[in-house]
């Protein structure tokens, strides 16, 4: 989401450029003298207002092309790892997992939302519903003793990918789990293993839905 200040600055520059182009000569082509200049500037201002409204919609709704989660959901990266997807939410295995906690899943919104503060009411319900279902499925698939759910926001909150995501981690008695950082033992899981994890979770979600 583009900061509002950047949007304002963009259109301030645009307005100055357009105003410069509206010379007395150009204004006279619409009408003679001051009246023509006024009409020209009013038209320019109206056009810019409409343009700014459209640009604001675009800047606040489009996902950054660099977002790794958006690229996964778009099929550009790691095809086959998406275990579940509906209109608003999706699930896929985390690339980094603790060796004793294999089966670690991520629950994300389909549309790009950077942080939890930006989640609206229309998304919050479906997101929590999927999170609850995936937690039950992870526990069953992994024969886990429990599940840990973590959600981080901001650099200093431990967020590494700026697309809202919930970690669903299978937990086992005495597993020594202390966190989700590579410095704490997380390792990269192969694409082949993640595809298999996704397949198993997908099967379990279908089973839970049928009961």
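Readers should treat all values here as calculations from the given coordinates under stated rules, not as data from a laboratory. What you see is a predicted model, and the numbers here were worked out from it, not measured in a lab. Reconstructed Cβ throughout: ideal geometry from the backbone, glycine too, with neighbour counts over all protein chains shown.
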Given points 7 Å out from each Cα along the Cα-Cβ axis, report the residue 150 to residue 181 separation in nanometres with one decimal. 1.0 nm
Normalised by the residues of the stretch 58-198, what does the relative contact order come to in percent, with Cα pairs under 8 Å and at least six apart? 30 percent
Sort the following peptides by mean Cβ neighbour count (other Cβ atoms within 10 Å, averaged over residues), highest first: 191-204, 170-183, 129-142, 67-80. 129-142, 191-204, 67-80, 170-183
If you consider only alpha-carbon coordinates, what radius of gyration and Dmax does the stretch 66-134 have, in Å? 12.3, 36
Gyration tensor on Cα atoms of the stretch 63-211, a ≥ b ≥ c root eigenvalues, a/c under 1.5 rounded, else prolate if a/b beats b/c, else oblate, says rounded
From the Cα trace of the stretch 123-201, what convex hull volume per residue do you get, rounded to a whole Å³? 116 Å³
Length-normalised contact order of the stretch 121-211 in % [C-alpha pairs under 8 Å, at least 6 apart]: 30 percent
